[in-house]
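Peer 1: The structure's right below; bear with me while I get my questions together.
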Amino acid sequence: MTLQEAQQRVDAWIKQYGVRYFSELTNMACLTEEVGELARVVARRYGDQSAKPDEHLSLAEELADVLWVLICLANQTGVDINDALEKSFAKKTERDALRHKHNPKLQ
């Protein structure tokens, strides 16, 4: 699925099942919550924390939840994620073309 298709599918789902988008502020709070859940999985899987015996840890699920809310925010604010990502690639390429290659911490 392309980013454009993802935006269209989330929009169709919201209209069919979700009634309407939550407000932008609510979705920002939801995004913060989802990033926290992603951080919990990463901390337990790759960090020093151990999982609780009955804790469900799905990195894929949490990444998808973060992406879902990002798409909701993009849709409701009129942002074309594909276009925004292309612009981000161009910005980072121009700004960081040699920066990371010359970073001794990454050698």
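Peer 1: Of the peptides 64-73, 20-29, how do they stack up when ordered by the mean number of other Cβ atoms within 10 Å, highest first?
Peer 2: In descending order of packing, they fall as 64-73, 20-29.
Peer 1: Send over a whole-number figure in Å² for the accessible area per residue of the chain, probe 1.4 Å.
Peer 2: Ligands and nucleic acids excluded, the result is 76 Å² per residue.
Peer 1: Carbon and sulfur atoms: what percent of the 1.4 Å accessible area of the chain do they account for?
Peer 2: Exposed carbon and sulfur together represent 58 percent of the surface.
Peer 1: Sticking with this structure for a sec: Please give me the summed charge of the neighbours of Glu34: other residues whose Cβ is under 11 Å from its Cβ, Lys and Arg +1, Asp and Glu -1.
Peer 2: Every neighbour counted, the sum reads -4.
Peer 1: I would also like to ask the following. For every other residue with a beta carbon closer than 9 angstrom to the beta carbon of Val66, add +1 if it is Lys or Arg and -1 if Asp or Glu, then tell me the sum.
Peer 2: Local net charge: -4.
Peer 1: When the dipole is taken about the Cα centre of the chain, and only Lys, Arg (+1) and Asp, Glu (-1) are charged at their Cβ, what size is it in debye, to the nearest 20?
Peer 2: The calculated dipole for the chain is roughly 480 debye.
The values are calculated or read from the model by the stated rules, or taken from the named source; none is laboratory data. All of these numbers come straight from a predicted model, not from anything done at the bench. Ideal geometry is used to build each Cβ from the backbone, glycine not excepted, and the neighbour counts take in all protein chains shown. Surface areas here come from the heavy atoms of the whole protein model, side chains and all, with no ligands, DNA or RNA. Shrake-Rupley method; radii C 1.70, N 1.55, O 1.52, S 1.80 Å.
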